[in-house]
Amino acid sequence: MVCLLALKGPLERAALSIWSPPVPQAITHQLYNRSVTRLRTIIGASLLLFQLGMIGYARFVPARYFCWAPYDIQSEYRLDVLIGGRPLTASQIRARYRRPRQGVDNRSIQHVMDIVEQYEQTYGRNDSAEVSMTYHVNGKAEQEWHYPRRP
């Protein structure tokens, strides 16, 4: 049906009439419009269902990557990193993780943890770094996180 709409000149229409019987143009437009409308509906519904599923999923995990409002948390943190028993300076930590040594993140603290873990499991895997992060979420009690994880 789409090919019929793309044919513009009399030679193209004549060539098509050899291969298939003529179809009234109004019918082809109706079928095309129905197909496009159906496809748009399916795509729109799929996106909304995906978002709804991800919002439900995010309620049960610490990372909130697929939420509509992921910036609803204030996380204050401080990173301390040891490599070979030597502490890294604030500028070395910023260069390593592209995050300040101490700061506030307006997302879930899991995002900072994910950044550190991803770096240590890839680029820094041979450095044997020991990372300690002290953090507060929304002004609540101070907590600690370590990489590599301690038993």
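The values are calculated or read from the model by the stated rules, or taken from the named source; none is laboratory data. The model shown is predicted, which means the values in this text are computed figures rather than measured ones. Heads up, the Cβs are rebuilt from the backbone with ideal geometry, glycines too, and the neighbour counts pull from every protein chain shown.
Taken over the stretch 101-151, residues that are more than 20 Å from the chain's Cα centre (by Cα), of a type in the set (S, T, N, Q) and over 16 Å from Leu82 (Cα atoms) amount to 2. Being of a type outside the set (A, V, I, L, M), in contact with a Lys or Arg (Cβ under 8 Å, 6 or more places away or on another chain), under 20 Å from Val61 (Cα atoms) and surrounded by 15 or more Cβ atoms within 10 Å (Cβ to Cβ) holds for only one residue in Tyr147, Tyr135, Tyr119, and it is Tyr135. Taking each residue of the stretch 108-120 that is assigned by TED's automatic domain parsing to the domain that holds Leu79 and within 16 Å of Gln74 (Cβ to Cβ) and looking for partners that are outside any helix (DSSP H, G or I) and among the hydroxyl-bearing types (Ser, Thr, Tyr) with beta-carbon atoms closer than 6 Å, six or more apart or interchain, yields Ile109/Ser75; Ile109/Tyr135; Val112/Tyr77.
Need a quick list: strands (runs of 3 or more DSSP E) entirely within the stretch 67-151 having at least 1 residues that are modelled with pLDDT under 95. Please lay out each step first, then the result.
On the way: elements: 75-83, 102-105, 129-137, 143-147.
Where strands (runs of 3 or more DSSP E) fall fully within the stretch 67-151 and carry at least 1 residues being modelled with pLDDT under 95, they are 75-83, 102-105, 129-137.
Scoring Arg59 on the criteria (1) surrounded by 10 or more Cβ atoms within 10 Å (Cβ to Cβ); (2) at pLDDT 70 or above leaves a single failure, condition (1). For the stretch 121-143, residues that are without any contact (Cβ under 8 Å) to a residue 12 or more places away in the chain and either charged (D, E, K, R) or in contact with a Pro (Cβ under 7 Å, 6 or more places away or on another chain) (or both) total 3.
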